[in-house]
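The values are calculated or read from the model by the stated rules, or taken from the named source; none is laboratory data. Because the structure is predicted, anything quoted here is derived from the model rather than measured. Here the Cβ is made from the backbone with ideal geometry for all residues, glycine too, and neighbour counts use every protein chain on show.
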Amino acid sequence: MAMLLVMGIHHAQAQMEIPKTEQNFDFAIGMGESGTYSLALSWNRTHGLFESKKFRLGYGLRFSSFGGSDLTYITAPADLTANDNTIDTLFVSSPLTMGISALANIQYQFSPRFKAGFNIDVIGLGFGAESQTTFTAVENTGQFPTSVNASPTGFNLLLGGDNDIGQIKSEFYVAYALSEKFWLRGGMDMTFSEYTTERTLTNDNDRFRYKAMLMFVAISYNPFQN
């Protein structure tokens, strides 16, 4: 019986082919330093290009959340981060930011059972609870911190690097087919988490960012492919 089961699995895997189009529903969990974590639910669709269909482009929709403990966010706008003298800090004891965004995906499928790729949020909405934070201006050399309320930035937009706005999540990953419909993914998750303060602070700024690097694992279910 065991031999028949093994033969059946190998036969099913041997019949797998690289699909022209593929859709999947995905759940990912990431963990990083300083107690940081991320959760994500997404829907993705990819299209194979050229005759081999190995090079693939796709799009999707992702809900993501990011949290941690005692994190220091820094000034977000790119025109201020270019100068150390204009980078202030915002301390958040229990950050929790969330976003729902359209994403883009690029992927290379080496075989029917193995692929690697990169995806990134492009545009969407951010949300989450208001938090009481502690702001410290660099011009005060770390002295005279101020208490200020802040909320997750309400708009997410990919512009590149420090020009990004809001919560932007990206993943570098490899994936292996457990079966024709289930895939196991893993890799590196980079999340930009952002808060906007209730009032404008020094340098006419109200946006603060934390850049998190996490390792993640995910399970994907592919109900439709052809």
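Take I18 and tell me if it is closer than 21 Å to G186 by Cβ, touching a residue at least 60 places away in the same chain (Cβ under 8 Å), outside any strand (DSSP E or B) and in contact with a strand residue (DSSP E or B) (Cβ under 8 Å, 6 or more places away or on another chain). Yes; evaluated as a whole, the condition is true for this residue.
Checked against (1) in a strand (DSSP E or B); (2) buried (at least 17 other Cβ atoms within 10 Å of the Cβ), Y221 passes all but condition (2).
Listed by position, the strands (runs of 3 or more DSSP E) enclosed by the range 112-153 that each have at least 2 residues that are charged (D, E, K, R) and either within 21 Å of N205 (Cβ to Cβ) or under 25 Å from the mean Cα position of the chain (by Cα) (or both) are 114-127.
From the list G67, G99, the lone residue that is without any contact (Cβ under 8 Å) to a residue 40 or more places away in the chain and either over 26 Å from N222 (Cβ atoms) or surrounded by 15 or more Cβ atoms within 10 Å (Cβ to Cβ) (or both) is G67. A search for C-beta distances below 7 Å between a residue of the range 49-60 that is without any contact (Cβ under 8 Å) to a residue 12 or more places away in the chain and any residue that is surrounded by 15 or more Cβ atoms within 10 Å (Cβ to Cβ), counting only pairs 6+ apart in sequence or on different chains, returns L49/R56.
Just one of the listed residues (L49, L80, L41) is aliphatic (A, V, I, L, M), crowded, with 18+ Cβ neighbours inside 10 Å and either more than 17 Å from the chain's Cα centre (by Cα) or at pLDDT 95 or above (or both), and it is L80.
Hey, can you tell me all the residues within the range 165-186 that are over 20 Å from V92 (Cα atoms) and touching a residue at least 60 places away in the same chain (Cβ under 8 Å)? Hits for the range 165-186 are E171, V174, A175, Y176, A177, S179, E180, W183, R185.
Quick grid of which residues meet (1) out of contact with any Lys or Arg (no Cβ under 9 Å at 6 or more places or on another chain); (2) assigned to a strand (DSSP E or B); (3) of a type in the set (D, E); (4) buried (at least 20 other Cβ atoms within 10 Å of the Cβ):
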residue: S170; (1), (2), (3), (4): yes, yes, no, no
residue: L184; (1), (2), (3), (4): yes, yes, no, no
residue: Y195; (1), (2), (3), (4): no, yes, no, yes
residue: R209; (1), (2), (3), (4): yes, yes, no, yes
